[in-house]
1. Rounded, prolate or oblate for the chain? Axes are the square roots of the Cα gyration tensor eigenvalues, ordered a ≥ b ≥ c, and the cut-off for rounded is a/c under 1.5.
2. What is the antiparallel percent of DSSP beta bridges lying wholly in the chain, to the nearest 5?
3. Given a cut-off of under 8 Å on Cα pairs at least six residues apart, what relative contact order in percent is computed for the chain?
4. Write out the GluC sites (Glu not before Pro) in the range 180-210 meeting two conditions: DSSP loop, and at most 16 other Cβ atoms within 10 Å of their Cβ.
5. Under 13 Å from a point placed 7 Å out from the Cα of Arg120 along the Cα-to-Cβ direction: which residues of the range 74-111 have their backbone N that close?
6. Whose amide H sits under 5 Å from the amide H of Val273, counting only residues 5 or more places off or on another chain, with H placed in the peptide plane?
7. Quote to one decimal, in nm, the extra length available between Asp300 and His56 on full extension: 0.36 nm per residue of separation minus the C-alpha distance between them.
8. Run the helix sum for the chain: -39,500 (n - 2.57) per DSSP H stretch of 4+ residues, divided by residue count, reported at 222 nm to the nearest 500 deg cm²/dmol.
Amino acid sequence: MRYRRLGSSDLDVSEISLGSWLTYGVGVEADKARACLDRAFDVGINFIDTANIYGHGAAETFLGGALADRPRDSYVLATKLFFPMTDEDRGLSRAQIEKQLDASLRRLRTDHVDLYQCHRYDWDTPLEETMEALTRAVDSGKVRYLGFSEWPAERIRAAAEMTGVARFVSSQPQYSLMWRRPEEEVIPVCAANGISQIVWSPLGQGVLTGKYDPDAPPPPGTRATSEEMGGFIDRLMQRPVLVAVQQMKPIAAQAGLSLAQFALAWVLREPNVASAIIGASRPEQVEENAAASGAEVDPDLFAEAERILGQALAEADADRG
């Protein structure tokens, strides 16, 4: 496993990190989830990402128990806030930051998180109020560093230009061969301001593993068949896309990688990416994905994969009208 510095922080995070969206505390049984976490540490993953909204606290509660016996300085722990925890509790106000941070720390059984992230931008709260409250959280010692997820470039820039507040060190966007929008504005503005990317869904929720046959129903037990975990995958399960993914398998093989490893290596080719977050329901998935760290791939192979998948995505978009 290789490690990269997270933005302007002093945190070195593993190139592959373990997430808990739609999985731990929700869609994956506790013993299997613990096995995945244990394997993650075995292969050198030191970065664990979660959020208060994942299972409405269930993912944080699971991790709090599963990590309790590990030295706190042996891993980097990140969580988030923004989405509604109750009818009244949502957003990035001063009161919510204080309340949700304390609730997350209780569930995680720790006195601090290494990275506290704003899960989305809160248009109902002045940015100044949010940044002042986050800065107090850092000053209190409950938070080491700050990040955000899916903020627009203009708001990233506005936060970076503020004085007297703690700085963001990470951005968590969706980014993959199937979703390259961050390249337009987010990555450039972050790179200019000491902010690294921690990308979610680098495997297109499993579509980029190649396990979905365009001519057959999704295999039992996969995310596409799961009521708990498959709610966001439908738009990726278009026939032109699935055909293109199968066409990418020989390209990955030329690089000596599985398709999943190839897709992760593509994400990590971007210098501004510090880590790619994977979701796993089996320890073998963790081990396979971790092997993408440090992979060296001919750029021409990446370019061919981009061409094939780009054409397929354009066709799928046209079919949807």
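The values are calculated or read from the model by the stated rules, or taken from the named source; none is laboratory data. From a predicted model like this one, the values you see are computed outputs, not experimental measurements. Backbone-built Cβ (ideal geometry, glycine too); neighbour counts: all protein chains shown. Accessible surface areas use protein heavy atoms only, side chains included; no ligands, DNA or RNA. Shrake-Rupley method; radii C 1.70, N 1.55, O 1.52, S 1.80 Å.
1. Working: a/c = 1.61, a/b = 1.42, b/c = 1.14.
Since a/c reaches 1.5 and a/b is larger than b/c, the shape of the chain is classed as prolate.
2. Details: 4 of 30 bridges.
So the antiparallel bridges amount to about 15 percent of the total.
3. Details: 572 pairs, mean separation 66.6, N = 321.
Here the relative contact order equals 21 percent.
4. On the way: sites: Glu183, Glu184, Glu185; in loops: Glu184, Glu185.
Loop-located and lightly packed - Glu184, Glu185.
5. The answer is 81-85, 90-92.
6. Counting only residues 5 or more places away or on other chains, the set is Gln197.
7. On the way: separation 244, 0.36 × 244 = 87.84 nm, distance 4.34 nm.
Net length gain for the segment: 83.5 nm.
8. Details: 10 runs with 122 residues, N = 321.
It comes out at -12000 deg cm²/dmol, rounded to the nearest 500.
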